[in-house]
Structure formats: C-alpha cells, structure tokens
Amino acid sequence: MRIKYYLDTRKLNKQGEGNLYIVVRHKDDTSYISTGMHIAPNDWDAEMQRLTSAACRDKDKAKLNLLLNSRVSEINLALFEARECSFNKVCSIINRMLSPNGGDENGFVAHCKEYISLCNAKRTQ
C-alpha cells in the first residue's frame, strides 16, 4: 500500500487555494481522503510532497510541513499495523485518524441526529 498527498487545483476557493488530499493506493484500488487543508498551488511542491521553501518563510506554513510529515508517519505506522486488513478498512482507519473529533460522527450527521431528537412528530423526524 502506498500513500501520498495530492493537491486538487481543479476547484480553488476564494483565496485561490486547492484542497489537499491523501491518496491511498493498493493494487487497483485508489481512495482520496481530504485532509481539510487548503493550499495555494504555487505554495505546493508535488514532487517533494511538501510546501515550497519560499512558502515556508512564513512560520505557520513551516509548521504545516511538519504536520504533513508527521501525518504521513502516523498513517504509515497504521498501515503497517493493519497490513492484513482490507483496503476499505485501511481507508476507514485513515479517515478516523484525520477526523478532528477522533473518529466520532462528523458535524452534519451529528447535527441531523440532534435535530431529529428535538422533533416531536414522527413525520418531521
């Protein structure tokens, strides 16, 4: 199994930044997992898999490179531990690792469940 970062520059946000994904590949299977980070295309070095040195003059961006490197190390360790697992299971493990709330339900699903619990009528639920 291999992992790498991919900066999607097809759709940029208002600040001109693309979404950074972790790409997990195993045999014929590929999965793109969002990191939730947005980076300007001219700040990203795809070959080196890190922010460019010019971008790293900003201390926050230099810290981001350290974070990206540590994430890859964490994921590689998880891949080593889960080497006997299926591809889908490995992707779900990585998703849990990247989730800001430690693998709990995402905000949208949690919001929907909270709304349903507040509704009295069955049809509204």
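Annotation: A40 fulfils all but one of (1) over 18 Å from the mean Cα position of the chain (by Cα); (2) more than 23 Å from N76 (Cβ to Cβ); (3) of a type in the set (G, A, S); the unmet one is (1). Mind checking which residues of the stretch 27-53 are among the hydrophobic types (A, V, I, L, M, F, W, C) and open to solvent by 60 Å² or more (accessible area, probe 1.4 Å)? Within the stretch 27-53, A46, M48 qualify.
Only residues that are assigned to a loop (DSSP other than H, G, I, E, B) and among the aromatic types (F, W, Y) were counted in the stretch 29-47, giving 0.
Taken together, the criteria exclude L68 from residues that are under 13 Å from the mean Cα position of the chain (by Cα), not in a helix (DSSP H, G or I) and not charged (D, E, K, R).
Close contacts from the stretch 1-27, counting a first residue that is within 19 Å of I93 (Cα to Cα) and at pLDDT 90 or above and a second that is surrounded by 14 or more Cβ atoms within 10 Å (Cβ to Cβ) and among the charged types (D, E, K, R), with Cβ to Cβ under 8 Å and a gap of 6+ residues or different chains, come to L20/D8; Y21/D8. Within the stretch 10-25, the set of residues being assigned to a loop (DSSP other than H, G, I, E, B) and open to solvent by less than 70 Å² (accessible area, probe 1.4 Å) comprises N13, G16, E17. In summary, S70 fulfils each of the numbered conditions (1) among the polar types (S, T, N, Q); (2) within 12 Å of K4 (Cβ to Cβ); (3) without any contact (Cβ under 8 Å) to a residue 60 or more places away in the chain with the single exception of condition (2).
Here I3 clears all of (1) open to solvent by less than 50 Å² (accessible area, probe 1.4 Å); (2) under 13 Å from the mean Cα position of the chain (by Cα); (3) more than 24 Å from F80 (Cα to Cα) except the condition numbered (3).
The values are calculated or read from the model by the stated rules, or taken from the named source; none is laboratory data. From a predicted model like this one, the values you see are computed outputs, not experimental measurements. Cβ atoms come from the backbone with ideal geometry, glycine included; neighbour counts cover every protein chain shown. We work out accessible area using only protein heavy atoms, side chains counted, and drop any ligands, DNA or RNA first. Shrake-Rupley method; radii C 1.70, N 1.55, O 1.52, S 1.80 Å.
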